[in-house]
2 protein chains.
Amino acid sequence: MAKENSETPRFICGLHATLHVISGKWKPLILFFLNKGPTRYGELKRSVRGVSDKMLIQQLKELESDGIVRRTDHGEIPLRVDYSLTPFGTSLVRAMEPLCGWGEEHEEDIAAAMDRRKTSR
Amino acid sequence: MAKENSETPRFICGLHATLHVISGKWKPLILFFLNKGPTRYGELKRSVRGVSDKMLIQQLKELESDGIVRRTDHGEIPLRVDYSLTPFGTSLVRAMEPLCGWGEEHEEDIAAAMDRRKTSR
DNA sequence: ACAGGCACTTACCAAAAGGTGCATACTTGA
DNA sequence: TCAAGTATGCACCTTTTGGTAAGTGCCTGT
């Protein structure tokens, strides 16, 4: 079995790299909400309906370790933490906008295709 | 007009929708190569190094059912099939460009973050 | 006749991603 | 004192995704 690692073809194109950062069931949503400003953990959890603590924390940590979001512990008496986009994160969200636009324009087609796949499995 | 079902918040934002179409280990690469023009199955397989038949076919089928790529069977004697982007697919690839750009600019940071995650697991 | 390319298809498995639920340590309010 | 809220951690389990390997039918070159 050949190893593909000898020449470090890490990513085929930038998109490929970017996807490693934003893929994850809840990441786009998290970014979407954080783009509105710093948000407390609990607040974020209520915004991203349906996410579990485990998932929210996990994805936030990944985004944090990727330098996309910043965790701020206010070190206050009744535990107070919030999350915000770093400048790096902000630049990412900006680059995401055309894809957002494309998705919005074709939302119905996409939804239809998804249903098609689900039912035809 | 599409009326949104209050019970079906399908997508939070367009990006979320888009991700359903382009996520998949090999899809960005496939799109990347198809963007260069129609490509035969075997040719594509050689381009997307490391992909197995199963995966390549599967992802192509999904992209096809999403209306992103078009499969052309030339009905020729020694089996000849090729894949190309539909106009819809082309518009997607175009919308992907800024994300490609972002990924290219920050490729190193992303790779570093990925390594960080891998080793710290 | 047989190896080998073409474009797939299938069965079986391993790994990754995600979900559920309980536990923590602290604090405030009733 | 007890419940509830805050921000997490952890164990266990299911679902989804991806990988391996083999086989199919057809055709061509040797």
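Quick note: the coordinates plus some simple rules give every number you see, no bench work behind them. Just so it is clear, the model here is predicted, and its values are computed rather than measured. Neighbour counts are summed over all protein chains in view; Cβ atoms, including those assigned to glycine, are modelled from backbone coordinates with ideal geometry.
Numbers below:
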read-out	value
Rounded, prolate or oblate (a/c below 1.5 giving rounded, otherwise prolate when a/b exceeds b/c) for chain B by Cα gyration tensor	oblate
Cleavage-rule hits, GluC sites (Glu not before Pro), segment A:33-69, DSSP coil, Cβ neighbours within 10 Å at most 12	none
Pairwise FRET efficiency - B:E76 versus A:M55, Cβ, R0 = 45 Å, nearest 0.05	0.35
Other copies of B:R71: label-to-label distances in nm, shortest first, labels 7 Å along the beta-carbon direction	4.5
Mean residue ellipticity (222 nm) of chain B, computed from DSSP H runs ≥ 4 via -39,500 (n - 2.57), nearest 500	-17500 deg cm²/dmol
Kirkwood-Stokes translational diffusion coefficient of the protein assembly as shown, alpha-carbon pairs, 20 °C, 1.002 mPa s, µm²/s	110 µm²/s
